[in-house]
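Read-outs throughout are calculated quantities, based only on the coordinates presented, and are distinct from any laboratory measurement. All values reported here derive from a predicted model rather than from experimental measurement. Please note: Cβ atoms are built from the backbone with ideal geometry, for glycine as well, and neighbour counts cover all protein chains shown.
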Amino acid sequence: MPIVANDDVVRVRRLARELAQRCKLSLVDQTKFITAASELARNTLVYGGGGVVRVGLVRGNGRLGALAVFEDSGPGIPDIDLALTDGWTSGGGLGLGLSGARRLVDEFALDTEVGRGTTVTLVKWAR
Amino acid sequence: MVAKQDGSARLLKLLSTGEQDLAAQWITQVSAGLAGRISRAELDRELNELFTALVEALRAGGQDAHGEELSELRALLTELSRNRARQGFTPSETALSVFALKHVLEPVLEGGTKDDVLAYLRLSRLLDDLGLFTIETYTRAREEIIAAQADQLLELSTPVVKLWDGVIAVPLVGTLDSARTQVVMEKLLQALVDTGSEQAIIDITGVPAVDTQVAQHLLKTIVAARLMGAECTVSGIRPQIAQTIVALGIEFGDIVTKASLADALQLALKKAGVEMISPAGGRR
């Protein structure tokens, strides 16, 4: 699904909710996954200048998980450690989106190259 | 000019071979594609009008989908596309009304002369353009509907209610984006002035997810209300939202939060100096 406008963030959230429910995540984990997806969708839009999100179910260790991959071909992140620091923002936000999203999910992978773009992968496992 | 006239005449001939037959087959095709979601009588009327308009346009020498001769036909197609969009048909189902005519005409190709084939190709190009036109109109109609709905949502979902003398509440429902928060903030601040309230409760029971942007919007609204001398309480924080906020690391600082609207109201009343006494005489 493409992320190009503000409305798409809402659509990503709905998509994440459906996926989380299909994985039978608990209510708390559902909310966490949805919130993390919402943060990253907004990052993709605001900092990445738009991109795409792919979602799906993953299986591992006999568990089911919700997966979301956010991809943009924006400016990339020059300093990953700094970007993942609480309270640091290059825009006008609270500076908790990226670091907060990492705490909300079980697996978090950030792949970025300056000038090429950023890919963030989220997984939340069902318990 | 002569060649153009000639071309139109041939197209016309193509359509008028068994005119009634063609129109009837066309209607059958379209009606099959729509799976009976439009009554046969209505479809009959619509398509017969279209057919007549097409024949008329060709008779007038029109060959260009955007030309003047076809304006009548375009008006009919616009109406058709808009209706389809409102009734929830897909773009393919809408364009089918035009493209089905090509299918119906196909048998003409078999055993037709070279001129027939040429005429078919020309007509087919015209129908392609008209098909694209219907899709464009359809999309525009859909966009208008969506924009209208977004406006309605903006209006509908932000009531400011007075709970008590000096206590107002904003029950928030749905997604808080920048545009909506702006409306909420304006309404809340205006209501503070209008009612002279000093206590405001923002209830987020109906907000499905609180992410950093929503939190930031909330914080800004509260700070603005404080600048006007009002105290704000955030209520309706459900357990899963609370855990998410903690994990995200959002600090609500010294802002008072409550689990339910009832708790928040009780607090607000206490701050406003209202004492609640139960009929039995005990105090709450």
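Table for the structure above
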{"item": "Those residues of the stretch B:79-96 which are of a type in the set (Ser, Thr, Tyr) and more than 16 Å from B:Gln29 (Cα to Cα), in sequence order", "result": "B:Ser81, B:Thr90"}
{"item": "Condition broken by B:Glu186, with the remaining ones in (1) surrounded by fewer than 21 Cβ atoms within 10 Å (Cβ to Cβ); (2) within 14 Å of another protein chain (Cβ to nearest Cβ); (3) among the acidic types (Asp, Glu) satisfied", "result": "(2)"}
{"item": "Residue among B:Glu46, B:Glu42, B:Glu110, B:Glu144 that is touching a residue at least 12 places away in the same chain (Cβ under 8 Å) and of a type outside the set (S, T, N, Q)", "result": "B:Glu46"}
{"item": "Sole exception among (1) surrounded by 15 or more Cβ atoms within 10 Å (Cβ to Cβ); (2) more than 17 Å from A:Asp29 (Cα to Cα); (3) within 14 Å of chain B (Cβ to nearest Cβ) for A:Thr85, by number", "result": "(1)"}
{"item": "Subset of the stretch B:94-115 that is of a type in the set (S, T, N, Q) and part of a helix (DSSP H, G or I) - its residue that is farthest from B:Ala23 (Cα to Cα)", "result": "B:Thr94"}
{"item": "Residue list for the stretch A:74-127, filter: in a strand (DSSP E or B) and acidic (Asp, Glu)", "result": "A:Glu107, A:Asp111, A:Glu113"}
{"item": "Residue match in the stretch A:41-53 (condition: in a helix (DSSP H, G or I), more than 18 Å from A:Cys23 (Cα to Cα) and more than 14 Å from chain B (Cβ to nearest Cβ))", "result": "no"}
{"item": "Which numbered condition A:Gly56 misses (of (1) free of Cβ contacts under 8 Å to residues at least 24 places away in the same chain; (2) more than 14 Å from every other protein chain (Cβ to nearest Cβ); (3) more than 22 Å from A:Val114 (Cα to Cα))", "result": "(1)"}
{"item": "Of all residues in the stretch B:223-271 being assigned to a helix (DSSP H, G or I) and touching a residue at least 40 places away in the same chain (Cβ under 8 Å), the one that is surrounded by the fewest Cβ atoms within 10 Å (Cβ to Cβ)", "result": "B:Lys271"}
{"item": "Test: residue in the stretch A:108-124 that is within 14 Å of another protein chain (Cβ to nearest Cβ), surrounded by fewer than 20 Cβ atoms within 10 Å (Cβ to Cβ), free of Cβ contacts under 8 Å to residues at least 24 places away in the same chain and not β-branched (Val, Ile, Thr)", "result": "yes"}
{"item": "Out of A:Arg11, A:Arg22, sole residue that is surrounded by fewer than 13 Cβ atoms within 10 Å (Cβ to Cβ) and either more than 9 Å from chain B (Cβ to nearest Cβ) or closer than 16 Å to A:Thr121 by Cα (or both)", "result": "A:Arg22"}
